[in-house]
Amino acid sequence: MSEPKPQLAGHLLVECLVAQGVTHAFGVPGESYLAVLDGFHQYRDHIRFIINRQEGGAAFMAEGVGKLTGRPGVCFVTRGPGATNASIGVHTAFQDSTPMVLFVGDVAGDQRDREAFQEVEYTSFFGPSTKGMAKRVERIDDAERIPEYVARAFATAMNGRPGPVVVVLPEDMLTRPVQARPLPRVEPVQAWADPGALRTLREMLLAARRPFVIAGGGGWTPQAAQALQRFAENWRLPVGNAFRFQDTFDNHHPLYAGDVGIGINPKLAARIREADLILALGPRLGEMTTGGYTLLKPPRPVQKLVHVHASAEELNRVYQADLAICATMNAAARSLEVLTAPPELPWAEWAEAAHADYEANLVPQALPGDIDMPAIVGVLKRHLPEDAVLTNGAGNFASWVHRFFRHHGLAKGLKTQLAPTVGSMGYGVPAGIAANLVSGRTAFTIAGDGDFLMNGQELATAAQFGGKSIIVLLNNGMYGTIRMHQEREFPGNVQGSTLANPDFAALARAYGYAGVRITRTAEFEPELLAALARETGTLIEVMLDPEVITTRGTLDGIRQAALKTKQ
């Protein structure tokens, strides 16, 4: 058998990505990885390189693809400034448990450690010691080992708790001729629960009177979500979805109790505190899901706690669980669905009341202004396809879809929510564009005026590559979340949160999107229908009364309550 024909290492790297099933890579070009760019040209019939306008947007697109598909999203950036700009996406992927691989073009090997042009030590900047960046950082010095490093990066990104991996590419290494060939596609390893632990879990369920399931985190698939649903149905368990994993369990299901996160239904918060058994299936139980560590108090909650997580390192790290089970979500859910439930369960009314509380929370409070946001979300529910992907960044604007939109859930076959649990502004616009580019599905993004301008330049990326998203931008002339907290802590003292904004509709049109502005609720439905029918993307700017600061109250109400407290 003859040896394979040599090719440039940069070409081999792209061929390895194709072997891993990558169809789209995102990035900003740099001279440090020109050989890889030439590889994208060589394999252009198999993989598409999407050129972004800022590395943060590219990293968010890759992170969004990782969330959407369950396989690593891929991003390429150049050294120094490119890598540091992309770090926001790496941090998001870490806290959100999203598989992602960031490739960084670097200085040549013979120039290393001289503080060469844009040189950074990436293990220090991204490494596990940061406790919030990459799972692993590696540098490829031997071009013949590219297949090994790529396969390991994909395995590391997917196995255990999913997360980001950074691979550093010296510029001179990429131009060397190589004969190595790609390794086969890597699949995530499934870790199964200990049978003894499952017996203990069943005994704990049988002893409970007020059990509650919190589902979320990374690693869920449609099959796992279907198994979770069967488990919940067998045992008649109320289920809440962890913060910004609202598509884990079907929001229309009679056992659904609501989302456990920022702006939680007060009745749901009370129910979690009153539960005598919490089954946490997948989430880390971080600050947002636990209401600032108040719904479950570390290190030893009042409630009995069963914590199922794919990472042994995460279990018993913050919460000392009564039962800790290390298992991936596919394996855990399939194990749980076969646990035999007794014919009678003492918490039927508890579960029914949990769902009734969720339904009651869908009834909005009266708020001022000419824009009725719950009604607008109602229009979205009527007209968006069931497989639409909803994305958002960070800000109070996101609470409208978090509270009032109902996801059909992964059990129906598709992931429909891309939202940063890390709370990174600027995520929603690039994530929505990426979701549409890789899947062809309708992508809907809700953004704020502050949030949009973090990555609004990526509309140019969408226009260039045929991407289409529908963006609803709530313009209230402020960083609303910060202003809300200012009024609560320092009422009446406004500093650093007021915004002077551009004409967002005109800005969208300049990028190649359709852009419209509405000031009344009745104007929204025809504009949404037009956007759905349009072949290009659309931005709908919604002029929101600044007083409408949350789904439950006004800015003045928060201010007056704070002033009364301080008297």
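Here are the numbers:
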read-out	value
The stretch 357-456 - percent of accessible surface contributed by carbon and sulfur, probe 1.4 Å	53
Dipole moment magnitude, nearest 20 debye, the chain about Cα centre, only Lys, Arg, Asp, Glu C-beta charged	1060
List S335, S129, ordered by accessible area with a 1.4 Å probe, largest first	S129, S335
Dimensionless Rg/Rh of the chain - Kirkwood Rh, Rg from C-alpha atoms	0.98
Summed residue charge, Cβ within 10 Å of A35's Cβ, Lys/Arg positive, Asp/Glu negative	-2
Order by protection proxy (mean Cβ within 10 Å, highest first), peptides 418-427, 27-36, 186-195	418-427, 27-36, 186-195
Centre separation in Å (Cα based) which lies between the stretch 28-89 and the stretch 250-321	35
Relative contact order of the chain, defined on C-alpha pairs under 8 angstrom at six or more residues apart (%)	13
Dipole magnitude (debye, nearest 20) for the stretch 369-506, charges at Cβ of Lys, Arg, Asp, Glu	540
Probe 1.4 Å, accessible area per residue of the chain, Å²	39
Rounded to 5, the percent of DSSP beta bridges in the chain classed as antiparallel	5
Highest-first arrangement of 55-66, 487-498, 513-524, 307-318, where packing means the average Cβ count within 10 Å	55-66, 307-318, 513-524, 487-498
Cα convex hull volume per residue for the stretch 328-468 (Å³)	160
Nearest-20 debye value, the stretch 114-273 charge dipole, Cβ charges on Lys, Arg, Asp, Glu	1040
Taking only Cα atoms of the stretch 289-409, radius of gyration then Dmax in Å	19.1, 53
Peptides 95-101, 387-393 ordered by average Cβ neighbours within 10 Å, highest first	95-101, 387-393
Rounded Å value of the spacing that divides the Cα centres of the stretch 423-443 and the stretch 200-228	29
Positive minus negative residues near S497 (Lys, Arg vs Asp, Glu; Cβ under 14 Å)	-1
Which listed pairs, of K381/K415; K381/K412; K267/K381; K67/K415; K67/K131, have C-alpha distances above 18 Å, in listed order	K267/K381; K67/K131
For the stretch 196-303: rounded, prolate or oblate by the Cα gyration tensor [a/c cutoff 1.5]	rounded
Residue (of L279, A312, A354) at the positive-pole extreme of the stretch 252-355, dipole from beta-carbon charges	A312
Farthest toward positive dipole pole in the chain [+1 Lys/Arg, -1 Asp/Glu at C-beta], among G57, H485, V260	V260
Accessible carbon and sulfur surface of the stretch 76-219 relative to its total accessible area, %, 1.4 Å	52
Shape box of the stretch 271-326 [Cα atoms, principal axes, largest first, Å]	27, 20, 17
Calculated P(r) tail over 12 Å for the stretch 482-537, as whole % of Cα pairs	74
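The values are calculated or read from the model by the stated rules, or taken from the named source; none is laboratory data. This is a predicted model, so every value here is computed, not measured. Cβ coordinates were reconstructed from backbone atoms using ideal geometry, including for glycine residues, and neighbour counts include every protein chain displayed. For accessibility, only protein heavy atoms count, side chains too; no ligands or nucleic acids. Shrake-Rupley method; radii C 1.70, N 1.55, O 1.52, S 1.80 Å.
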